[in-house]
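Below is one structure, written out as structure tokens, with a few remarks after it.
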Amino acid sequence: MFPYFFSPSCVIGRSLTFQMLNFPHSKLTIFSNVHRHKMSNKRLNGIQFLRGFAVLAVVLGHNRGTMYDNIVAGSFIDYITSNAIFGVEVFFVISGFIISHSTQSIKFSSFAESLSFLIKRFFRIYPLYLMVLALYVSLYYYNYYTGVFSLGHLSIENIIQSVFISSYQSDVISPIYGWGTLVVAWTLRYEIYFYIIFAISMIFTAKYRSVLTTAI
């Protein structure tokens, strides 16, 4: 009932009815927008909770080795940390949903809007990624001369590949396909691929956009 009550067709119908009854249309619009915003936020709270749970699972998974002696076999923590990869998969699903949800009002899109979408996503992710990459490389070379840290081997080729988030290695199986300088950044490649595909799909109508991105 409630989703239909706030659907575009029902909102338009109420608007026309209130106009016929001499209600101020501006007040109706404000009322409708506020309630739709509250309903939208309520629906997304569950998604945000799921995102937080996925983050916690991945963090615990990466720290399983350091706290292994304190993990009880067969416990909930044991199950979560040994299957933490599911957190990454949940993240991918959430990313796809959020992008689709945030652009569902765009029925038709031009090339300029698609390009604008890509540019915004680029500046949301890439500058911060470069900052973290630069910090990691700096720590590596600091360790190279001082021996304070233990960051393994790092080649110039690997750094260059990491700058372009393109660290392919034929001997690394799916879904990773290659370890970059920042090992945990391998998921960014998939995010970027999806952003590009979604930007292209924005040229189509919202109906076919969903079909295209779901199929891919």
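The values are calculated or read from the model by the stated rules, or taken from the named source; none is laboratory data. All of these numbers come straight from a predicted model, not from anything done at the bench. Heads up, the Cβs are rebuilt from the backbone with ideal geometry, glycines too, and the neighbour counts pull from every protein chain shown.
So here's what we get for this one:
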{"quantity": "Any chance Phe97 is touching a residue at least 24 places away in the same chain (Cβ under 8 Å), part of a helix (DSSP H, G or I) and in the same structural domain as His62 (by TED's automatic domain parsing)", "calculated": "yes"}
{"quantity": "Region 170-216 - residue that is in contact with a Ser or Thr (Cβ under 7 Å, 6 or more places away or on another chain) and under 20 Å from Val58 (Cα atoms) and, of those, modelled with the highest pLDDT", "calculated": "Glu191"}
{"quantity": "One residue from Leu118, Leu130 being exposed (fewer than 15 other Cβ atoms within 10 Å of the Cβ) and either outside any loop (DSSP other than H, G, I, E, B) or on the phi < 0 side of the Ramachandran plot (or both)", "calculated": "Leu130"}
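Residue-wise test of (1) β-branched (Val, Ile, Thr); (2) modelled with pLDDT of 80 or more; (3) more than 30 Å from Ile196 (Cβ to Cβ).
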residue: Ile47; (1), (2), (3): yes, yes, no
residue: Leu56; (1), (2), (3): no, yes, no
residue: Leu60; (1), (2), (3): no, yes, yes
residue: Met67; (1), (2), (3): no, no, yes
residue: Ile80; (1), (2), (3): yes, yes, yes
residue: Ile85; (1), (2), (3): yes, yes, no
residue: Val88; (1), (2), (3): yes, yes, no
residue: Ile99; (1), (2), (3): yes, yes, no
residue: Ser102; (1), (2), (3): no, no, no
